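A.B. asks: If you scroll down you'll find the structure; I have some questions about it.
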Amino acid sequence: MDSKKLRRTLFLVVMMFCMITVIVAMMNWELIEEKLGLSVKTEETSADVAEPTAEDKQIGNDLQAFMNDETFFDSEIHYKSIETYSGKAVSIVMSSVAKDLRIMVVDSGGKLVTGFPFTVTIQGYGEYTDKDEDGIIYIDKLRAGEYSISLNEAEGYRVPNTVTTIKVKQEIEYRVLEDIEYLMLTEDDIDASKEDTEVKEAREDADGTENTEFVSSGEDVKKGIDVSKWNETIDWEAVKEDGVEFAIIRCGYRGSSSGSLVIDPRYEENIRGAIEADIPVGVYFFTQAVNEVEAVEEASMVINLIRQYDVDYPVFLDSESAGGNGRADDLEAEDRTRIHKAFLETISNAGYATGIYASANWLNERLNMTELSDYNTWLAEYAEVPSYAGYYHMWQYTSKGSIDGISTNVDLNLCYMNIDTSIDHSMGAGGYTGVVNGETGNVPTGGRADY
C-alpha cells in the first residue's frame, strides 16, 4: 500500500470514529448537560402535573382487587400451591438408624401433626402414606444409600416446595438420636391404662420371707428406694431425713400396646426433688422394644431426659413382663438379649453407666446374662436371702417398704457399689463391689464406669 492510499484509509477511520462519538453524545445529551452543570431545572407548576386518572385510584370498596393483579405477588413459589397459603405450615424431620427411614411431619412449633394422612414421595421409589395418621411414616428394609424425599400437597396445610435428602445407614450405630423428642409423648396423649402395664415379676415370685424394714446389711452398703408415678407426691426432704441414701427414678416407659414412648408424669418433680434434697439419683426405663432400632430410640429418650441433671447412679433398663399381652412379652431370650444390648450400648456410648433390672427368674430364663456381663445387674428378688446365683450390684428386696415422705408402699434397695458422688460417674473404667451367692466381691465392669 502506497502513502496516498494509507492517508486516505486513516482519514476514513478518523471520520467514522468522530461520527460514532457525535451519535453517542446526542443520545446522552441530557446526562452530559447534568454532569457539566449546563442543565437548568425549572419548577413544575400545577399545570405541568398530570391529573390522576380513574385507573390510578381505588375504585369502589373491593379491597381484594389486588389479588387479580398477577404482578403484585413475588413470582418465586415457596409452597406447592397458592390454595395452601392460609393453612398450617408443616415440614418433615427425618432420621435413620439402620436400613430404615423415619419421616415425621411437624408444625412450626416442632410438634408432630396428627389426624391427617400425609403422603411423601421418595424419588425413584414411590409414595408412602401415614395411614394411621400419627404424624410418622416409618419405612424399613431399605438399602443403604442417599434418598430424596418431598412432602406431597395436603389440603389445609402449607407444604414446602422442597426436596430433602437423607443417608440411610447399612449397619446400626448405637448412637443417640438427636430428634427423639418428636417421638416423646406424655400420658395426656395416650390411654395409660392400656400402655403402662408393667408387672413386677419379683412380687409374683416372692416366697413370703422378705424383709420389709429399711435397714442396711453392711458398712459399705447403701440404702435406697426406686419410685415412679405410682408413689404419688413425695416429700423429698422427709425422705432424706429418714435415711435414704439414693433414689432410682423412673423416667419413662414404652407403651405395652401401641409402643409409644411416654414420659413418667412425675419424673421431673421426682428427680428435681431428690437432687434438691441432696439425694444421689439414677433412672430406669421400662422397655417394650421389639427390635434394636426401638432399643436405640428408648435409650435416646432416656439421654434426652437426663442430660440436664447430675445422675450419679446408673441408667437401668427395666426388663419385665407387661402382663403377658405386651408387645415384647413373647420375645425369645436370644432376641431380647440382643435388643437389650442395643439399649445398653447406646447409653454407654453416650457416657453413662448402665445396667439391667429384672427378677431372678427373668434373669435366669428370659435373658442370656453371659452376653450382658459387662453391665450392672439390679436384682429384684423378695426373699430373706436371694437365690439368684449370678453377680448383682443392687438388690431390690421388697416392694412393701415404708418411708417417711411417701404415702404409698415403696420399693427398698441395697446398693453394693462404692459410688463416689464427688466425681463424674458418667465416664471412666475400673471394678467395683458386687454380690454373688450372697457374698460380696470384686466385680469386673468391662470398663463401663468408675465406682
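The values are calculated or read from the model by the stated rules, or taken from the named source; none is laboratory data. Here the structure is a predicted model, which is why all the values come from computation and not from measurement. Positions of Cβ are generated from backbone atoms using ideal geometry, with glycine treated the same way; all protein chains shown enter the neighbour counts. Note: accessible area is taken over every heavy atom of the protein model, side chains too, but ligands, DNA and RNA are not part of it. Shrake-Rupley method; radii C 1.70, N 1.55, O 1.52, S 1.80 Å.
A.B. asks: I want to confirm something. Restricting to the range 149-170 and keeping residues that are within 22 Å of the chain's Cα centre (by Cα) and at pLDDT 90 or above, which single residue is nearest to residue 117 (Cα to Cα)?
C.D. replies: Filtering the range 149-170 for residues that are within 22 Å of the chain's Cα centre (by Cα) and at pLDDT 90 or above, the one nearest to residue 117 (Cα to Cα) comes out as 151.
A.B. asks: Step by step: first the residues of the range 281-311, then only those that are within 21 Å of residue 97 (Cα to Cα) and among the acidic types (Asp, Glu), then the one that is nearest to the chain's Cα centre (by Cα). Which residue is that?
C.D. replies: Restricting to residues being within 21 Å of residue 97 (Cα to Cα) and among the acidic types (Asp, Glu), the top hit is 297.
A.B. asks: Exactly one condition in (1) open to solvent by less than 80 Å² (accessible area, probe 1.4 Å); (2) hydroxyl-bearing (Ser, Thr, Tyr); (3) at pLDDT below 95; (4) under 19 Å from residue 254 (Cβ atoms) is false for residue 114; which is it?
C.D. replies: Tallying (1) open to solvent by less than 80 Å² (accessible area, probe 1.4 Å); (2) hydroxyl-bearing (Ser, Thr, Tyr); (3) at pLDDT below 95; (4) under 19 Å from residue 254 (Cβ atoms), residue 114 fails exactly one: (1).
A.B. asks: Which of the residues belonging to the range 170-193 are open to solvent by 70 Å² or more (accessible area, probe 1.4 Å) and over 13 Å from residue 262 (Cα atoms)?
C.D. replies: 170, 171, 173, 175, 178
A.B. asks: For the range 240-352, give me every one of the helices (runs of 4 or more DSSP H) that falls completely inside it and has 2 or more residues that are touching a residue at least 60 places away in the same chain (Cβ under 8 Å).
C.D. replies: Output list reads 292-306, 333-349.
A.B. asks: Right, next: Can you name every residue in the range 99-154 that is assigned to a strand (DSSP E or B), of a type in the set (Phe, Trp, Tyr) and touching a residue at least 40 places away in the same chain (Cβ under 8 Å)?
C.D. replies: 147
A.B. asks: Sticking with this one: Return yes when residue 91 is in contact (Cβ under 8 Å) with a residue 40 or more places away in the chain, of a type outside the set (Asp, Glu) and open to solvent by less than 60 Å² (accessible area, probe 1.4 Å) and no when it is not.
C.D. replies: So residue 91 fits the description; yes.
A.B. asks: Would you pick out the residues in the range 312-346 that are within 21 Å of the chain's Cα centre (by Cα) and of a type in the set (A, V, I, L, M, F, W, C)?
C.D. replies: Across the range 312-346, the qualifying residues are 315, 316, 317, 339, 342, 343, 344.
A.B. asks: Look at residue 408 and say whether it is part of a strand (DSSP E or B) and β-branched (Val, Ile, Thr).
C.D. replies: No, not satisfied.
A.B. asks: Follow-up question, since we're still on this one. Please pick out the residue among 303, 347, 356 that is under 23 Å from residue 186 (Cβ atoms) and surrounded by 24 or more Cβ atoms within 10 Å (Cβ to Cβ).
C.D. replies: 347
A.B. asks: Kindly provide the set of residues from the range 155-203 that are part of a strand (DSSP E or B) and touching a residue at least 24 places away in the same chain (Cβ under 8 Å), ordered by number.
C.D. replies: 157, 158, 160, 164, 166, 167, 168, 184, 185, 199 - these are the residues of the range 155-203 that are part of a strand (DSSP E or B) and touching a residue at least 24 places away in the same chain (Cβ under 8 Å).
A.B. asks: Go through the range 80-102 and report how many residues are over 13 Å from the mean Cα position of the chain (by Cα), β-branched (Val, Ile, Thr) and modelled with pLDDT of 90 or more.
C.D. replies: 2
A.B. asks: Now for a separate question. Considering the range 378-394 alone, what residues qualify as being open to solvent by 10 Å² or more (accessible area, probe 1.4 Å) and either closer than 25 Å to residue 308 by Cα or part of a loop (DSSP other than H, G, I, E, B) (or both)?
C.D. replies: The answer is 381, 384, 385, 386, 387, 388, 389, 390.
A.B. asks: It is to be established whether one or more residues within the range 242-261 are basic (Lys, Arg) and open to solvent by 20 Å² or more (accessible area, probe 1.4 Å).
C.D. replies: No; the residues of the range 242-261 include none that is basic (Lys, Arg) and open to solvent by 20 Å² or more (accessible area, probe 1.4 Å).
A.B. asks: Same structure, new question: Residue 319 versus (1) open to solvent by less than 10 Å² (accessible area, probe 1.4 Å); (2) of a type in the set (S, T, N, Q); (3) over 16 Å from residue 378 (Cα atoms): which is the lone unmet condition?
C.D. replies: Of everything listed in (1) open to solvent by less than 10 Å² (accessible area, probe 1.4 Å); (2) of a type in the set (S, T, N, Q); (3) over 16 Å from residue 378 (Cα atoms), residue 319 misses just condition (3).
A.B. asks: Can you find a residue that is in contact (Cβ under 8 Å) with a residue 40 or more places away in the chain, over 18 Å from residue 414 (Cα atoms) and open to solvent by 40 Å² or more (accessible area, probe 1.4 Å) anywhere in the range 210-221?
C.D. replies: Checked against the condition, which is being in contact (Cβ under 8 Å) with a residue 40 or more places away in the chain, over 18 Å from residue 414 (Cα atoms) and open to solvent by 40 Å² or more (accessible area, probe 1.4 Å), the range 210-221 yields no hits at all.
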